[in-house]
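Note sheet for the following structure.
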Amino acid sequence: MTDARLVVAGAVVDPATRRLLLAQRRYPPEVAGLWELPGGKVEAGESPEAALRRELREELDVEVRVGSALAERVALRDDLTLIALRAQIVAGTPRPADHEALRWVDTVGLGEFARDGLLVPADAVWVPELLTELGG
Ligand code: DCP
């Protein structure tokens, strides 16, 4: 059996405002309108860090510096595993190319998105860790 492919999401935090970037999905219908940490699939031969830089360049038109991984990883399917890497924007202002909208949230905002069921299901696993990180 081959290893599961990775999907890498970015926990993009603005250190100046201690806010996290959320992006609203347009598709597929099951998650359209819900909010996620932006990212995408790691290509063959690509590192997760490079994949995240590529995805955020394509989706948000920003350059990011990629840091360490969040603790949780999520099995999306047998053959697809989701991870999150910390990231900071080093150039550009994010604008949504693929997403419906973008939002910077603080601990209160993130707590509200989570409480109201507005996050894509897989990403909810990171909420406690992100709340600690944004608040701590
Ligand atoms: N996903 C998720 N949470 C995220 C990012 C992605 O649960 N923060 C899931 C949704 C999809 C899968 O990961 O099931 C792939 O995500 P995308 O569709 O965003 O990635 P790509 O654009 O790379 O893939 P596709 O080839 O499907 O367009």
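Details
- Selection status of ALA122, surrounded by fewer than 15 Cβ atoms within 10 Å (Cβ to Cβ) and under 15 Å from the mean Cα position of the chain (by Cα): no
- Strands (runs of 3 or more DSSP E) lying entirely in the stretch 32-118 (those with 3 or more residues that are at pLDDT 95 or above and under 13 Å from the mean Cα position of the chain (by Cα)): 39-41, 63-69, 80-91, 101-105
- Scanning the stretch 5-25 for residues that are within 10 Å of the ligand (Cβ to nearest atom) and not in a strand (DSSP E or B) yields a total of 1.
- Listed by first and then second residue, the pairs with beta-carbon distance under 9 Å, at least 6 apart or on different chains, first residue in the stretch 107-134 and on the phi > 0 side of the Ramachandran plot, second aliphatic (A, V, I, L, M), are GLY117/LEU34; GLY117/ALA124.
- Residue match in the stretch 40-58 (condition: surrounded by 14 or more Cβ atoms within 10 Å (Cβ to Cβ) and touching a His at 6+ places or on another chain (Cβ under 9 Å)): no
- Enumeration of residues in the stretch 74-102 that are loosely packed, with under 15 Cβ neighbours inside 10 Å and of a type in the set (Lys, Arg): ARG77, ARG95
The values are calculated or read from the model by the stated rules, or taken from the named source; none is laboratory data. The model shown is predicted, which means the values in this text are computed figures rather than measured ones. Note that each Cβ is placed from the backbone with ideal geometry, even for glycine, and that neighbours are counted across all protein chains shown.
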